[in-house]
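Here is the structure we will look at, set down as structure tokens.
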Amino acid sequence: MNVRLLLPLLLTACGGRPEGRYLFIDGEAQQIEFDRVELVFAHPVGDLVPTSTPSATTAELGEQILMKREVVGDDSFDAPLGQQLDLYLPPEVIQNSGIGAYVLVVATRGGEPVGIGEFWSFERDAADITRFQVPLRPYADAELEWWGREADGGMPNDCVRWRRQDSGDTSTIAIGRGGDLDCDAYPDDEVDCDDRAYCDGAGGQGCSFDKAPCADSDVCLLGKCFNGAGGEMSPRTCEPTTCLMDTACTTDACDPRLPASEYLYCAAHPSTHLDAAILVKDDLSLCAQPMQIELPVAGGLCANPTIEWAQLNDGGWSPFVFDVRASTDVPTTCILEIRGPSDAPFEPHHVMVSVDVSVVGSPVDVSRSMFTMGIKLGGHDDACPEPLVMIETQDRVTLGSCLPVR
């Protein structure tokens, strides 16, 4: 896209407005004066933003929107010092160039950022002159992070994450590169283990991820994935550790090249699994004492159980904590324990648990397998009696057997 077709519009006495669209960048309401603007055009591509950026933030992200940047470069424009600016967008830019559904605007003065704004949904089919208004807010009040390792032909720190709070609601947008959404210079296809997890490759060291689908395997596996050291573009490698549930491998719905969190979320839902209905209070919150669920394991012991994945809410976090341990009385049974705040309504969740097991007939050498457990709302009782939920002994969780990927 030739973004240089976007020009600051200078109106003169002998000329009018060219036909087309305009970005009207407006800092008047906040008394923001600027002499330069930078534009970042993007398209939405997902709903989980990178969370392992250099800041390693743990803040609540709320609703998340991940976008791919349409232009990599210095899309900046000088302007006369003032509080408002019209940028002209010729028709060919809007209609033919894939300018993006979204633009982030950063206004600077004397090289220092002073304002930030955004606009969604360009109207591509409007025939009349249209001004897309971009109100600026103070840059100093914005929770932003710019990051990115320099890649071939690219620039460093060209990706951005913006955590916003409006009317009490939190949301986060992130804009990454096409083919490198976490902006760590590891291409997403075949090289990067997780395109939502930043790896800086510092000191010539690569990165490893303990829980990742072995996307390049012919067998349905979870394992430890390695990025190349020092930014090497060699294909990723995966050391298998655990058989995934069989139903995760016999459906075309889940792509193992997805980031681990997205793949496991997908794999949990179409799978055939047991559900436990737990007791909640009348306001749907959990009782103060931990809720416990007995999980008999089919064909094996509950040896060294581990939570591999627990479902989060749409904001990428959860107030509920899941733990698992082996029963001291029945060695073939695992005990899943759920804890949470007394004022948070519980929603249905899925949890994936792995245990040590000898996988008979497995085409690969692994020592663990996993199962999915669904947890749904049961009865209501503010008295909170003994919170043990029993599953009938004839219903046992079924472990994965490392089936070939369909």
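Only the coordinates and a few stated rules stand behind these numbers; no lab work does. Everything numeric here is computed off the predicted structure, so don't read it as measured data.
In order along segment 164-178, the phi-based Karplus estimate (6.51 cos²θ - 1.76 cosθ + 1.60, θ = phi - 60°) of 3J(HN,Hα) comes to 10, 10, 10, 6, x, 9, 9, 9, 9, 10, 9, 10, x, 8, x Hz; Gly and Pro are listed as x.
Name the long-range amide H neighbours of PHE346: under 5 Å, sequence gap of 5 or more, or other chain; modelled H, no Pro or chain starts. Hits under the 5 Å cutoff: SER285, LEU286.
Taking θ as phi - 60° and the Karplus parameters 6.51, -1.76 and 1.60, the scalar couplings of segment 32-45 work out to 9, 9, 8, 10, 6, 10, 10, 10, 10, 8, 7, 10, x, 9 Hz in sequence order, x denoting glycine and proline.
Annotation: lysines with alpha-carbon distance below 17 angstrom to LYS281 (same-chain offsets under eight excluded): LYS376.
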